[in-house]
Each structure stands twice: as C-alpha cells, then as structure tokens.
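Trainee: Sending over a structure as structure tokens; questions will come in a sec.
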Amino acid sequence: MLTKYRLSTLIREIILVLIGIAVLIPFWILLVTAFKSPLEAASSSAVAPPMVFDASGFVQAVSGSGNRNVLVAMLNSTVITAGSVILLILIGSIAAYTIARRPGRLGNAAYIGFVVGIILPFQLAMLPTYVALRSIGLLGSHVGMILLYTGLLMPLAVFLYTGFARVVPADYEEAASIDGASKFRIFVNIVFPLLAPATGTVAIMTGLIVWNDFFTPLIFLSGSKATTLPVMMYSFVGENATQWNVIFAVVILSMIPILTFYLFAQKKFIQGFAGGMKG
C-alpha cells in the first residue's frame, strides 16, 4: 500500500538536506583551501573555490625536512597508534575476561578501579609521568609514547571489553576445559573471537584518540624525531603568518590512513555499539 507524500514529509526532507549541507561545509572548506595558493588562502573567502588549483601545499608538506615532513610524521603517528592499539587489545581483553569470570568483591573492585581511571583527568599525573619517562630514558621516543597511551587508555579498553565478556556464554569454555584445553588456549581460540565486535570498537575509538591527540605529543615529544602529525601541523602556525593551505593539505593526508582503517573495521565497530555478539 502506497503512502501519501505529505507536506510534513517534504519539510523533513528539506531539513535533512540542509543539515547534510551544513555538515559538509567544513569538508568543502578543507578541500578548497588545500588547493589554494598561500596568498589566496590567506586573503580569499574560506568557502570560495580556488581561482587556480595550486597543489604547492601538498608538495611542501611532503617535501619538508625534519619534523615538517608529513610522511615522517605520518610514520611516527602510525607506529605509535598501531603499537598502542595492539597493546590495548591484548592486555585489555585479557584483563576484562579475568574480571568478567571472577565475580565477587575482587572483580567488582577491579572493574570500579578501571572506571575511575576513565573519570580522572590525566593532567593530574602529567608532571610525575614526565619525570618518570625522562628518568628511564623513554622521553621523546616511540616506545615511551606507546606505553604512555596504553596506560592512559587501558581503563577505556577494559570498560568496553568487560561488557562483552560478561555476556559471552561459558558453555564453550567448560566444554573445552573438559577436553583438556588450557586457560590460555580457551581464551585465544574461543573467547577472543567472540569479542571481535568489542575489539573493533576498542581499536577504532582508541586509535582515533591516539592519532588525533595533540596535547600529549606536544609535551612528551617536543623537539624529538618522533613528532606526530598533529604536532607537525602546528609547526606551520606562525606568529605573523599561518600557512593554511599547507595545514589543510596535511589534514587531508592525515585523514586517509584512519579512514581506510575505519572502512575495514566499521562492521565490528557498529556491532560493538549495537551490542551484537556475531563475528
């Protein structure tokens, strides 16, 4: 049965189209500014298309030296992000599984401790953390940043994993245990595959946080060779002039890896938010 096309339906569609246009405006500004010359980017309207397409911003970003090279900064960001996400998945899933399978005061206390870790601001421990990393020689290094992000985001990873681990049926584990499988093998072969939606959620959420973080690398990587993309972008902001075309070119290039990763992991990410347990 066909429904009538009402005036209210037309109004809703117009509102949705306007909202979609409003959402796309920042991306339009990002794209057109990246292809403007430095003079035009500084003087013309932000939404106006370039008079002449100029890719010098991309060339300058790619061909820069030292910490002003987008490829070097992208490699640093990739190493730090990938290392942090891998550790968060490995340690977070095991910790959450242990908490979920040990009901009682000890398990609840550990879970509450991780939840409190999400609430407490990192700035409270920034100074002692900085001193600790410097004293053990990990300040300004990839390893130091990976360990730092792993500690900072572990409460979030455990929180997300625990919700899934608690609803994973224990029947498969009991059957495998009767067959003589060890706890480690049960977790690797049975439990962890069932946590795939949570793994996708943890990977995307923590990966986005690490990839886009600016403040932490600015403090802990300042002046080092491990500068990440957000800090590298900031190097094009000057006191008297800002190279907006280069900054926006770097933003576009920095979006490619994380969007590619999201396209591969979006199914698990959606399942994670929906609470589904299908792999």
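Trainee: If I filter the stretch 245-268 for residues that are modelled with pLDDT under 65 and under 16 Å from the mean Cα position of the chain (by Cα), do I get at least one hit?
Mentor: yes
Trainee: In this structure, is Phe114 over 25 Å from Phe159 (Cβ atoms) and among the aromatic types (Phe, Trp, Tyr)?
Mentor: When the stated conditions are applied, Phe114 does not pass them.
Trainee: Taking the stretch 34-93, which residues are assigned to a helix (DSSP H, G or I), over 24 Å from Val231 (Cβ atoms) and open to solvent by 20 Å² or more (accessible area, probe 1.4 Å)?
Mentor: The first filter runs over the stretch 34-93 and keeps only residues assigned to a helix (DSSP H, G or I), leaving 34, 38-43, 56-63, 66-68, 70-93.
Then drop every residue that is not over 24 Å from Val231 (Cβ atoms), which leaves 39-40, 43, 89-93.
If the condition is that a residue be assigned to a helix (DSSP H, G or I), over 24 Å from Val231 (Cβ atoms) and open to solvent by 20 Å² or more (accessible area, probe 1.4 Å), then Leu39, Glu40, Ser43, Ile89, Leu90, Ile91 are the ones that fit.
Trainee: Now for a separate question. Could you grab me the full set of residues in the stretch 99-152 that are β-branched (Val, Ile, Thr), surrounded by 12 or more Cβ atoms within 10 Å (Cβ to Cβ) and under 23 Å from Phe220 (Cβ atoms)? Before the answer, list the steps.
Mentor: Step one: filter the stretch 99-152 for residues β-branched (Val, Ile, Thr), giving 99, 112, 115-116, 118-119, 129, 131, 136, 143, 146, 150.
Then drop every residue that is not surrounded by 12 or more Cβ atoms within 10 Å (Cβ to Cβ), which leaves 99, 115, 118, 129, 143, 146, 150.
Result: Ile118, Thr129, Val143, Ile146, Thr150.
Trainee: I'd like the residue in the stretch 189-207 that is open to solvent by less than 10 Å² (accessible area, probe 1.4 Å) and more than 14 Å from Leu88 (Cα to Cα) and, out of all such residues, is nearest to the chain's Cα centre (by Cα).
Mentor: Residue satisfying both the conditions and the ranking: Pro197.
Trainee: Identify the residue in the stretch 208-229 that is open to solvent by less than 20 Å² (accessible area, probe 1.4 Å) and outside any loop (DSSP other than H, G, I, E, B) and, among all such residues, is farthest from Glu40 (Cα to Cα).
Mentor: This residue is Phe220.
Trainee: Continuing with this model, one more query. Going by what's in this entry, would Asn240 be described as open to solvent by 70 Å² or more (accessible area, probe 1.4 Å) and modelled with pLDDT under 75?
Mentor: Numbers: open to solvent by 70 Å² or more (accessible area, probe 1.4 Å): yes; modelled with pLDDT under 75: yes.
Here the answer is yes, as Asn240 does meet what is asked.
Trainee: Scan the stretch 230-257 residue by residue and report those that are in a loop (DSSP other than H, G, I, E, B) and closer than 21 Å to Met145 by Cβ.
Mentor: Scanning the stretch 230-257 gives a single hit, Ser235.
Trainee: Which of the residues belonging to the stretch 117-155 are over 18 Å from Ile80 (Cα atoms) and touching a residue at least 12 places away in the same chain (Cβ under 8 Å)?
Mentor: Gly117, Ile118, Phe122, Met126, Pro155
Trainee: Among the residues of the stretch 11-30, write down those that are surrounded by 10 or more Cβ atoms within 10 Å (Cβ to Cβ) and under 22 Å from Ile247 (Cα atoms).
Mentor: Selection gives Leu24, Ile25, Pro26, Phe27, Trp28, Ile29, Leu30.
Trainee: While we're here: Report every pair of residues separated by at least 6 positions or lying on different chains whose Cβ atoms are under 7 Å apart, first residue within the stretch 199-220 and under 19 Å from Ser254 (Cβ atoms) and small (Gly, Ala, Ser), second modelled with pLDDT of 90 or more and open to solvent by 10 Å² or more (accessible area, probe 1.4 Å).
Mentor: Note: pairs meeting the criteria are Ala203/Val85; Ala203/Ile89; Gly207/Thr81; Gly207/Val85.
Trainee: Shifting gears a bit: For Ala165, state whether it is surrounded by 20 or more Cβ atoms within 10 Å (Cβ to Cβ) and among the small types (Gly, Ala, Ser).
Mentor: Here the answer is yes, as Ala165 does meet what is asked.
The values are calculated or read from the model by the stated rules, or taken from the named source; none is laboratory data. Model, not experiment: these values are computed from the prediction. Positions of Cβ are backbone-derived with ideal geometry, glycine not excepted, and every protein chain shown enters the neighbour counts. Protein only, heavy atoms only, side chains kept; ligands, DNA and RNA dropped before computing areas. Shrake-Rupley method; radii C 1.70, N 1.55, O 1.52, S 1.80 Å.
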